[in-house]
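The values are calculated or read from the model by the stated rules, or taken from the named source; none is laboratory data. Nothing here was measured: the structure is a model prediction, and the numbers come from that model. Cβ: placed from backbone, ideal geometry, glycine included. Neighbour counts: every protein chain shown. These accessible areas exclude ligands, DNA and RNA; they are computed on the full protein's heavy atoms, side chains included. Shrake-Rupley method; radii C 1.70, N 1.55, O 1.52, S 1.80 Å.
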Amino acid sequence: MGLNFSTQLDNRMREYLKGRADVLLNDVRPHCREQYAAAFLNNVWNEVEPRPSQSPQLLKNKVLVDSQQVIAQGYLMQHVENRKKWKECYFVMKASYHLEYYETKEAEQRKLKPEGSVLLSGYILLNMMTAYRDMLYRSWPHFQGITDRSWEEQCMNCPSGHPLFLWHPYRPHLLLCCHSADDHHIWSTLLADAIRLLNTVIYRRDSFEVRAFLEAVRVYRQQKGQYGICDLYFGSETEILSNLVMEDLCPVLEAQLVPHVRGPDSKRKPTWLKMIGEMYAVVEAQITEGFQTMLRENEEQSLHLEKTVRPDFSQILTSKKQLVKKIQAAFGDRMQWCCEEQVRPHLTSVGDGAAALMNASLMEARRLFSEEVSRVISLVKSKEQDYSSLAEACRQLQGLPYRSVQMHRCYEKTETLTQSLSELPPRFAFAGDRFFTQRAQTVIQQLLQDAVYTFQHLLLSAQPAGGLSAEINQLLDNTRVRVLKKLDSDSTAAVRQFVRDSLLEIFLPYVLKTLEPFCKAELPTYEAYLSADDDDGEGVIQAERTYNELALHIVSEEINKAMKETSTQPRYSLYSESMSCLWDKEPQLGNAESPRTFQAEAAHPTSPGELPEPDSVAGPLGEHQGQAEATASEVDDASRRQWSQEDRGSAPQGDGQNGPAGSGYSQSGSETTAQSDEPDLVM
């Protein structure tokens, strides 16, 4: 029996989808426990011996925006599939970046329940029907070549000729039409900002729990041979896990269900898209319930680790150092060869391209900030000089980083970041273009938020509440100059961090994938060594994680050489550096030799197969010679003390994992069900 347009998911299909979600949760749960334990050890390590880092010059903006504040609203035309026509609806965007729509403006003013609400994470914004159609064909190749003129004509027949298509691989699509070109520009920039901020929400939460989760997801995908960042990593934890379920499930669904979608071509694609949306909702609901259970397990594990790791911390580190030396001796030479011969030739071109685009974007942000501050200064000077006028001008300035249309000028150049990857050979197969772009835009917005906050803080704190001082004009000008200098300093550090992290995200997965056939089979030997040696670490020391930390260290050194300067410790990135401080802080831990990458005296082999066997590799490593770059600051001593105290109060507590590192790539059984073993899904 075929599937028609009104088909709903029956109980059998719902149970099957819930079962697939449970299978993934069961596969990911052991990795989450392992990575949580290792991340906990890193967090304790950083508490015991905090790593030095360069403090930002700008104050961190700690002001939270009211999530219920309305930031945009207005009438848009929406294509209603079941009515096959365009309908005018009243759309509201709140500061939470959830998009709601009502039948009329009066319905929203009366606080009635919205007709619909769209969570924008994971969506792609498109402006042309051809781009939307191509995206559909790429996501569901089965529909390629099918004539669907009736459906396309409905979608293309936008009343005003200013369409906006919101595409998602699994959620229902949203087809909108703006009334004018100005409305189209405003809503497109606003929706793009909302998508970016919701996509990257998890990466802005600087905690070892988040990094442990991301490492567990990375382990799960890499045990199936899937390396590197991709669009599946966008959104919250539950969305990421739901995307992983659909990644495995969609090939089965397409093979078994799509051929049975019946009806004319004009209905087949809408029918299938509707079904996929319903399936994703079932999967996400099941994942959300299971993830809450995992969070409770994490809390119990944390209490256990507090009792076991902290009292035996020194002994655990001793075991860790011994494992580091063994893994370095076995695999270091192979990693060094891969980095020097395969990776190093491409670092400079890719890094320079990314740095140039980031510098151009940050220069535009600097210009925008300077213009807005000049406007504030002119406003204060032109009005009666009282405290209320200054406070009002600062409040207006505070909204600058959230004005999508103005900020779009700063973001435009980052949208061409993919061009810096065009020279890479196909073997690197990097699929994180959107992640690069959106992370760059987030860095720009955060810097501008901090610059605005610093300007307000320095200016208002220097004025008494009763009125303005006689030197207000000079103070305004001086404050602008000081904040611009701080913005320049932090922008320089941000570019270095962005380039370093981006290069790691491209080349570290490649190194791990390339060396897997040569090294992966040997790692169980070291896991057995850990089990036989002692169990004091309670799972916090893992051979495969240490192997990946070594890869991180060697790739990082090559990147630092290519950049010709030592990168400052980044505040956060997708990968986790884990216990990478072992590589640069070894002298503080005892007299053991530092397990840094050593240089083989012999000529480099022409392939990994010609490298010496692990038993023949020996020799200590030299100490890490990185040195942090100091940035000049032209601030008076009193202000410096104040800013330093505020920075320490607002800066997140690091856990020794900052910076890309693929750690904990455990090899365990994954769900690999043959297609013939799948149940018949035809309803």
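Per-structure values
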item: Failed criterion for ALA255 (all others in (1) crowded, with 22+ Cβ neighbours inside 10 Å; (2) not in a loop (DSSP other than H, G, I, E, B) hold); result: (1)
item: Filter result (closer than 16 Å to LEU174 by Cβ and open to solvent by 30 Å² or more (accessible area, probe 1.4 Å)) within region 46-76; result: TYR75
item: Total residues in region 88-104, condition of a type outside the set (A, V, I, L, M), at pLDDT 90 or above and under 36 Å from the mean Cα position of the chain (by Cα); result: 8
item: Output for region 223-240, where each listed residue is on the phi < 0 side of the Ramachandran plot, touching a Ser or Thr at 6+ places or on another chain (Cβ under 9 Å) and crowded, with 20+ Cβ neighbours inside 10 Å; result: PHE234, GLU239
item: Unique residue being open to solvent by less than 50 Å² (accessible area, probe 1.4 Å), assigned to a helix (DSSP H, G or I) and in contact (Cβ under 8 Å) with a residue 40 or more places away in the chain when the list is PHE430, PHE455; result: PHE455
item: Subset tally (residues that are within 14 Å of LEU174 (Cβ to Cβ) and surrounded by fewer than 19 Cβ atoms within 10 Å (Cβ to Cβ)) for region 82-91; result: 1
item: Strands (runs of 3 or more DSSP E) wholly inside region 19-131 containing at least 1 residues that are aliphatic (A, V, I, L, M), more than 29 Å from LEU447 (Cα to Cα) and without any contact (Cβ under 8 Å) to a residue 12 or more places away in the chain; result: 70-80
item: Among the candidates TYR97, TYR102, residue that is under 17 Å from VAL201 (Cβ atoms) and buried (at least 16 other Cβ atoms within 10 Å of the Cβ); result: TYR97
item: Residue list for region 326-351, filter: open to solvent by 10 Å² or more (accessible area, probe 1.4 Å) and closer than 15 Å to ASN560 by Cβ; result: GLU340, ARG344, THR348
item: The lone exception for SER302 - which of (1) under 24 Å from the mean Cα position of the chain (by Cα); (2) surrounded by fewer than 17 Cβ atoms within 10 Å (Cβ to Cβ); (3) at pLDDT 90 or above it fails; result: (1)
item: Selection count, region 496-528, where residues are of a type in the set (Val, Ile, Thr) and either surrounded by fewer than 17 Cβ atoms within 10 Å (Cβ to Cβ) or outside any helix (DSSP H, G or I) (or both); result: 1
item: Region 305-317 - residue that is part of a helix (DSSP H, G or I) and free of Cβ contacts under 8 Å to residues at least 60 places away in the same chain and, of those, least open to solvent (accessible area, probe 1.4 Å); result: GLU306
item: Residue within region 281-293 that is assigned to a loop (DSSP other than H, G, I, E, B) and closer than 27 Å to LEU9 by Cβ present; result: no
item: Region 133-190: number of residues that are in a loop (DSSP other than H, G, I, E, B), modelled with pLDDT under 75 and open to solvent by 40 Å² or more (accessible area, probe 1.4 Å); result: 4
item: Scan of region 191-228 for residues that are more than 28 Å from GLU412 (Cβ to Cβ), touching a residue at least 40 places away in the same chain (Cβ under 8 Å), charged (D, E, K, R) and in a helix (DSSP H, G or I), ordered by number; result: GLU209, ARG211, GLU215, ARG218
item: TYR402 being open to solvent by 70 Å² or more (accessible area, probe 1.4 Å), farther than 20 Å from LEU476 by Cα and either modelled with pLDDT of 85 or more or in contact with a His (Cβ under 7 Å, 6 or more places away or on another chain) (or both); result: yes
item: Lone unmet requirement of (1) in contact (Cβ under 8 Å) with a residue 60 or more places away in the chain; (2) open to solvent by 60 Å² or more (accessible area, probe 1.4 Å) for GLU15; result: (1)
item: Region 529-570, residues that are at pLDDT 85 or above, of a type in the set (Asp, Glu) and open to solvent by 10 Å² or more (accessible area, probe 1.4 Å); result: GLU544, GLU557
item: Whichever residue in region 258-275 is under 16 Å from ASP10 (Cβ atoms) and open to solvent by less than 10 Å² (accessible area, probe 1.4 Å) and, among such residues, is modelled with the lowest pLDDT; result: VAL261
